[in-house]
Amino acid sequence: MNIKLLGDYYVWYCDWCDTRNLTLQQKFAVGVVSCGACHKHFDTTAREGEHFALCGGF
């Protein structure tokens, strides 16, 4: 899951159905987010050896 910061939201694409999602930053702190289209749950807490890519632009 690639995550990009957009204001108060994180923009991310579902690995399952490839839908674009906007999630509040506070929701990522909880540890689990779900896709708005397919409702698949994703764990946002990185486990050992696993990292999420944060995309940033200038």
Query raised in the report: Which of the residues that make up the stretch 11-26 are of a type in the set (D, E, K, R) and either without any contact (Cβ under 8 Å) to a residue 24 or more places away in the chain or exposed (fewer than 11 other Cβ atoms within 10 Å of the Cβ) (or both)?
Result: ASP18, ARG20
**Report entry** Test: residue in the stretch 27-47 that is modelled with pLDDT under 75, surrounded by 10 or more Cβ atoms within 10 Å (Cβ to Cβ) and not in a loop (DSSP other than H, G, I, E, B)
**Finding:** yes
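The values are calculated or read from the model by the stated rules, or taken from the named source; none is laboratory data. All values reported here derive from a predicted model rather than from experimental measurement. In this analysis, Cβ positions are derived from the backbone assuming ideal geometry, glycine residues included, and neighbour counts consider all displayed protein chains.
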